[in-house]
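Asker: Quick one: the structure is below, and I'll ask about it shortly.
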Amino acid sequence: MRIEKYYFLDNNLIEYWNEIESKNNFYGFQSQEWITNWIENLGLSNKRLTFFFYVVIENEKPIAIFPFELKKLYFFKILSLIGDNQTDYKSPIFDKEYFDERSIKRIWVSLKNHLPFHDVINFTNVPENIGL
């Protein structure tokens, strides 16, 4: 497993996202189109937010994408999933072939070593049944 980090939605990230989207079911708020529109129309105007994306690759195939924002609030850095207050559901996207409790834990253990410095993790509005 390897993890690639992106700071913007370039062609590689969009290709990975489309590959996962094409064979899985997601909430509209998790689509590449929604995330792109949200960043361009609302996110970029908030100078306290920094955006980045982690793509988890296994066997040369994308198996998960984590769209993150890092918000500076006073003296704190808060890590959350992209969407701020305007998104009803926030979640990473997973290829359903790799979506089970064991895989998610394995992915998270690898991913958390790549996260930037933060004071707080605030994962809100995460659906109870991701990927269903």
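Asker: Would you kindly state how much longer the chain becomes between Asn59 and His114 on full extension, computed as 0.36 nm times their sequence separation minus their alpha carbon distance, in nm to one decimal? Write down the numbers at each step before the final one.
Answerer: Working: separation 55, 0.36 × 55 = 19.80 nm, distance 1.95 nm.
Full-extension gain reported as 17.8 nm.
Asker: Here is a further query. Restricting to DSSP H runs of at least four residues, report the calculated mean residue ellipticity at 222 nm for the chain, -39500 (n - 2.57) per run over all residues, nearest 500 deg cm²/dmol.
Answerer: Details: 3 runs with 34 residues, N = 132.
Result for the chain, helices only: -8000 deg cm²/dmol.
Asker: Which of the lysines could be linked to Lys105 by a straight reach, that is with a Cα gap under 23 Å, when you skip same-chain ones fewer than 8 residues away?
Answerer: Excluding near neighbours in sequence, the set is Lys5, Lys23, Lys61, Lys90, Lys96.
Bear in mind that the values in this text are calculations on the coordinates, not laboratory data. If you're wondering where the values come from, they're calculated on a predicted model, not measured in any experiment.
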